[in-house]
1. Filter region 20-33 down to the residues that are farther than 17 Å from residue 76 by Cβ and assigned to a strand (DSSP E or B) and list them by number.
2. Can you tell me which condition residue 116 does not meet? The list is (1) modelled with pLDDT of 95 or more; (2) under 15 Å from the mean Cα position of the chain (by Cα); (3) over 29 Å from residue 44 (Cβ atoms), and all the others hold.
3. From 76, 96, 50, which residue is in contact (Cβ under 8 Å) with a residue 24 or more places away in the chain and under 22 Å from residue 136 (Cβ atoms)?
4. If you go through region 3-17 one residue at a time, do you hit one that is assigned to a strand (DSSP E or B) and either exposed (fewer than 15 other Cβ atoms within 10 Å of the Cβ) or at pLDDT below 95 (or both)?
5. Got at least one residue in region 37-58 being over 24 Å from residue 94 (Cβ atoms) and buried (at least 24 other Cβ atoms within 10 Å of the Cβ)?
Amino acid sequence: MKIRRFVCNAFQENAYVVSDGAECIIIDPGFTDSEIGGLFDYLASEGLRPSAVLLTHRHQDHTLGLDTFLAKYDVPVLPAAAGTGLAGRFQIIKTPGHTPDSVCFYNAEEHIMFTGDTLFAGTIGRTDLPGGDYDSEIRSIMEKLIFLPGETVIYPGHGPESTIARERVQNPFLEPFNEREELDLD
């Protein structure tokens, strides 16, 4: 799989195009009207055919470009796309906390996970917005994410990538649970 990240809007939201051959999915299309042309140009230049849009949650910074994208490409939006094509290769992990309906998309074979605003490099998603719940967020991470294989690369909704192993060791929000393991921390 090939992953292309676009940094969008004033909130510096990460939107992703995940492709395998000519098929692709779009994750969290937070493109403003002035930015979405870059997505369309990329899809055309790479000869990519979108098959679905996956949303980790419905905050505006992650969905700004959704209507414009759907006007050009008539594709399903997850959860309707669950189990179909490239989208079907991702396990949906429910991770309430940032929002009640937050999810992560995990592909065990490729060791990749799109975490939206649940887990970031060195931090977690904010829980002070309506519907946010800190205890639920920590439970979601500790019960569903942190014990995935350490080599799993996380692609968050904002900021740089990380790995599950790195977050186990370095994330201060998970500090009471941090355990050293063999990890080259540079």
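The values are calculated or read from the model by the stated rules, or taken from the named source; none is laboratory data. None of the values given here were measured: they were computed from a predicted structure. Note that each Cβ is placed from the backbone with ideal geometry, even for glycine, and that neighbours are counted across all protein chains shown.
1. Selection gives 20 alone.
2. (3)
3. Result: 96 is the single residue among 76, 96, 50 that is in contact (Cβ under 8 Å) with a residue 24 or more places away in the chain and under 22 Å from residue 136 (Cβ atoms).
4. Yes.
5. Scanning region 37-58 turns up no residue that is over 24 Å from residue 94 (Cβ atoms) and buried (at least 24 other Cβ atoms within 10 Å of the Cβ).
Yes/no per residue for (1) surrounded by fewer than 21 Cβ atoms within 10 Å (Cβ to Cβ); (2) in the same structural domain as residue 64 (by TED's automatic domain parsing); (3) under 22 Å from residue 60 (Cα atoms):
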site	(1), (2), (3)
98	no, no, yes
108	yes, no, no
115	no, no, yes
124	no, no, yes
137	no, no, yes
143	yes, no, no
147	yes, no, no
155	no, no, yes
159	yes, no, yes
